[in-house]
Amino acid sequence: MDRNNWTAWFFGILACAGNCLFAQSPDFRITPEKLLSLASLPSPRPAAFGWLPDSKRVVFSIAEPDDDKEKGATWVEIMDVRSGERTRLTKGSNAKPSPDGLRIAYLSGEEAQKSIAVYDLRSGSSHALAPMSGGTEGFNFGFSWSPDSQKIAYGYRPEKPKLSEDAKKATSSVVVIGGEGDLPPDSEAWVVDVNSGAKQKVTSGPYLFANPRWFPDGKSFLFTQVGSFEYRNDNMYGKVAAVSVPGAEVRTIVKDSGVQHLAPAVSPDGTHIAFRYDPNNIFYPYYDNIAMVPAGGGPVNQLSRNIFVSSGPIWAPDSRTIYFVCKEGAYSQLCSVTTSGELKRLIKGPHNVANVSVSPDGQILLLTTEDARGRAEIRSSRSDGTGERTLVDLTPPDIKQLALGEVDEISWKSHDGLVNHGLVIKPASYQPGKRYPLLVDLHGGPIGGVSLMGSVLLKTPLEFHMWASRGFVVFAADYRTSEIAGWDPLLKAREKSDFNDRDTDDIMTGIDFLVKQGVADPSRLALLGHSNGSFLANWLITHTNRFRVAVSYEGIADQYISYGSGMRVGGNAFSEWMYKGKPWDVPQNYSRNSSSAFVKGVKTPTLFIANDYSGGSGVENLVHHEFMYTALKKQGVDTQLLMYRGEGHVVQRPENLRDLLSRVVAWVDTHMSK
């Protein structure tokens with residue numbers, strides 16, 4: 001039977017409730033085939049809202065759903081914030097209106113051929129402004145209008161020179177790591193005149209250019225220089241800098257800020273810069289708080305403390321309040337902090353908050369929400385978070401019609417007293433008092449905590465409900481290295497370099513909590529994880545035999561090798577901080593956090609999934625899974641290793657996603673039924 005016929009046969013079997021391991025009424029089921037066929041997967045979400053000066057309308061871009069044949073188009077839209085009425089303007093992404101409200105800059109084109117274009121709201125016409133072979137560079141695609149609406153600052157990185165096929169045959173294919181054929185070109189910062197098209201390169205360097213933001217006087221703009229493993233120098237840093245226009249003089253405002261997002265924003269009055277930063281943590285990635293510094297440079301004033309910041313900062317027009325999205329528990333929420341340090345939690349619910357913006361008159365907040373049932377909305381509120389209402393329901397009808405089970409946020413204590421959070425997704429026909437098989441889904445990252453997407457498709461929370469429709473209770477567990485529980489638990493884990501042991505305790509005590517509550521059957525546990533979730537899945541199967549089956553998708557197993565492989569070629573300051581030195585100086589610290597050192601005695605049947613990275617990803621996990629697969633195979637444990645050619649860290653091609661999901665479900669079903 002060939003692969004296509006095998007897949008069709010498999011889904012036909014899954015569609016038959018009578019032959020499924022954990023059958024439910026078809027009215028309640030989300031079968032694997034149904035999950036894949038939802039054209040609206042996931043719910044469409046707008047990108048960042050850009051306000052017009054009248055405080056009545058916003059501009060944003062929003063993608064149509066993909067289908068099996070092609071990727072959905074992304075559109076620039078304009079919306080009335082009172083009625084929610086939306087109008088499509090043109091195809092494009094990352095829409096940003098000019099400060100005078102007359103034009104919209106956006107990204108036009110596909111992939112490496114993206115360019116900045118401008119749409120005129122008066123005439124309805126568009127024209128390309130800054131074509132860039134190789135695409136735009138940096139987070140948020142890095143472009144920003146000047147205050148007078150006459151110029152746009154943007155980031156760009158040229159493509160590597162490409163050889164013709166004849167030249168390739170006549171030239172050595174050698175790549176010198178850290179040198180010839182390996183390093184990308186320097187990133188560049190440019191300014192283009194919107195009317196004439198004249199361009200000026202103002203700075204460049206071996207870093208990622210990100211977050212350009214003009215000062216109110218229009219004489220310079222802010223940006224970040226972010227260290228990147230691509231340049232093979234292990235120079236993990238972030239700097240907040242400013243460059244004058246047209247003088248092209250660069251000055252550093254905040255330097256050596258470590259592995260942090262920064263995302264600086266200039267206050268409307270031009271006196272201060274808010275950014276995401278924590279002076280106590282410059283090595284462990286992205287434990288951000290909100291900080292502020294004078295626009296001319298000077299001492300950093302930390303405004304929020306020990307709270308995980310996931311996006312922002314966004315200044316209020318009065319330059320006294322800063323909005324941001326924070327996370328405490330399983331869901332993110334909207335918070336604010338004043339320049340004097342007064343912290344408020346404004347909007348919180350059983351959903352994630354994103355895309356926060358404030359109107360030019362300071363009266364209205366606009367944001368998007370998404371919950372664990374795949375439902376998404378655009379919401380508005382007053383500037384203090386009161387009067388919250390749904391403006392636009394973005395949830396597609398086919399998701400609304402699904403009969404889904406309850407989703408509960410739970411909390412429990414680890415043995416050292418740390419409070420953790422997670423989500424429990426139940427079958428639609430859940431019966432209190434009945435114990436259910438438990439599927440533990442471990443998120444990746446690990447930074448940022450529980451995500452609203454399953455670990456196979458990595459697209460939608462409906463994947464949780466697919467497992468629930470097969471009779472599982474799904475446990476999306478958080479653990480301390482996600483940073484959601486704060487900075488102090490990480491420091492305690494560093495004392496003895498026992499990060500994995502403490503994460504394991506967080507997860508296993510969560511399982512025991514659900515067993516004690518009468519929800520989970522302790523004899524029927526399944527384990528699934530992607531990326532860092534896969535790393536922990538590898539650790540768990542080498543430290544407990546409680547799981548009946550496991551799936552480990554794209555994770556590492558050996559910290560010693562990981563120190564200098566994949567995107568870590570050239571060194572790893574992050575690991576040096578975690579494990580208190582380089583692996584040849586403190587090998588015991590690396591070994592005690594490596595699953596490969598504990599493979600003897602593994603009993604859990606495990607499906608390993610790792611890709612060949614010919615698709616162009618920056619990390620490599622195949623060698624780790626090859627070792628784990630070999631170790632289990634030699635010990636007589638049922639195991640398989642899948643590799644999808646042409647794929648990177650996340651499988652993307654629809655035919656590969658279909659095959660992957662079918663194999664994962666079959667693997668879990670087979671071993672849970674034994």
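Just one of (1) part of a loop (DSSP other than H, G, I, E, B); (2) open to solvent by less than 50 Å² (accessible area, probe 1.4 Å) fails for Thr369. It is (1).
Please go through segment 189-216 and pick out each residue that is assigned to a strand (DSSP E or B) and open to solvent by less than 30 Å² (accessible area, probe 1.4 Å). Outline the logic, then answer.
From segment 189-216, those assigned to a strand (DSSP E or B) are 189-193, 199-205, 208-214; that's our starting set.
Result: Ala189, Val191, Val192, Val202, Thr203, Gly205, Leu208, Phe209, Ala210, Asn211, Pro212, Trp214.
Listed by first and then second residue, the pairs with beta-carbon distance under 9 Å, at least 6 apart or on different chains, first residue in segment 165-193 and touching a residue at least 40 places away in the same chain (Cβ under 8 Å) and farther than 30 Å from Gly218 by Cα, second small (Gly, Ala, Ser) and surrounded by 14 or more Cβ atoms within 10 Å (Cβ to Cβ), are Ile177/Gly570; Gly178/Gly570; Pro184/Ser228.
Tell me, which residue of segment 117-144 that is modelled with pLDDT of 90 or more and not in a loop (DSSP other than H, G, I, E, B) is most open to solvent (accessible area, probe 1.4 Å)?
Ranking the candidates gives His127 first.
Counting residues in segment 586-601 that are in contact (Cβ under 8 Å) with a residue 60 or more places away in the chain, crowded, with 22+ Cβ neighbours inside 10 Å and under 26 Å from Ala666 (Cα atoms) gives one or more.
Just so you know, in segment 396-405 the residues that are open to solvent by 50 Å² or more (accessible area, probe 1.4 Å) and of a type outside the set (D, E, K, R) include one that is nearest to Pro432 (Cα to Cα), and it is Gln401.
Could you tell me which of the residues Gly374, Gly362, Gly329 is within 26 Å of Lys413 (Cβ to Cβ) and open to solvent by less than 40 Å² (accessible area, probe 1.4 Å)?
On the way: Gly374 fails: within 26 Å of Lys413 (Cβ to Cβ); Gly362 fails: within 26 Å of Lys413 (Cβ to Cβ).
Residue meeting the stated conditions: Gly329.
When residues of segment 306-337 are filtered for being more than 16 Å from Ser359 (Cα to Cα) and either part of a strand (DSSP E or B) or touching a Leu at 6+ places or on another chain (Cβ under 6 Å) (or both), how many remain?
From segment 306-337, those more than 16 Å from Ser359 (Cα to Cα) are 306-311, 325-333, 335, 337; that's our starting set.
With the extra rule that they be either part of a strand (DSSP E or B) or touching a Leu at 6+ places or on another chain (Cβ under 6 Å) (or both), the set shrinks to 308-311, 325-327, 330, 332-333, 335, 337.
Residues flagged as more than 16 Å from Ser359 (Cα to Cα) and either part of a strand (DSSP E or B) or touching a Leu at 6+ places or on another chain (Cβ under 6 Å) (or both) within segment 306-337 amount to 12.
Filtered by the rule that a residue be part of a helix (DSSP H, G or I) and of a type outside the set (A, V, I, L, M), segment 627-642 gives Phe627, Tyr629, Thr630, Lys633, Lys634. Filtering Asp384, Asp408 for residues that are surrounded by fewer than 17 Cβ atoms within 10 Å (Cβ to Cβ), out of contact with any His (no Cβ under 8 Å at 6 or more places or on another chain) and closer than 28 Å to Val358 by Cβ leaves a single hit, Asp384.
Among the residues making up segment 411-423, a single one is exposed (fewer than 13 other Cβ atoms within 10 Å of the Cβ) and either small (Gly, Ala, Ser) or on the phi > 0 side of the Ramachandran plot (or both): Gly417. Residue pairs whose Cβ atoms lie under 8 Å apart, separated by 6 or more positions or on different chains, with the first residue in segment 349-361 and among the charged types (D, E, K, R) and the second surrounded by fewer than 19 Cβ atoms within 10 Å (Cβ to Cβ), are Asp361/Ser55; Asp361/Pro317. Within segment 516-552, being among the β-branched types (Val, Ile, Thr) and either free of Cβ contacts under 8 Å to residues at least 24 places away in the same chain or within 17 Å of Leu607 (Cα to Cα) (or both) holds for Ile541, Thr542, Thr544, Val549, Val551. Restricting segment 430-446 to residues that are touching a helix residue (DSSP H, G or I) at 6+ places or on another chain (Cβ under 6 Å) and assigned to a loop (DSSP other than H, G, I, E, B), the residue that is most open to solvent (accessible area, probe 1.4 Å) is Gly445.
The values are calculated or read from the model by the stated rules, or taken from the named source; none is laboratory data. Keep in mind the model is a prediction, meaning the values are calculated, not measured. Positions of Cβ are backbone-derived with ideal geometry, glycine not excepted, and every protein chain shown enters the neighbour counts. All accessible areas refer to the heavy atoms of the entire protein, side chains included, with ligands and DNA or RNA removed. Shrake-Rupley method; radii C 1.70, N 1.55, O 1.52, S 1.80 Å.
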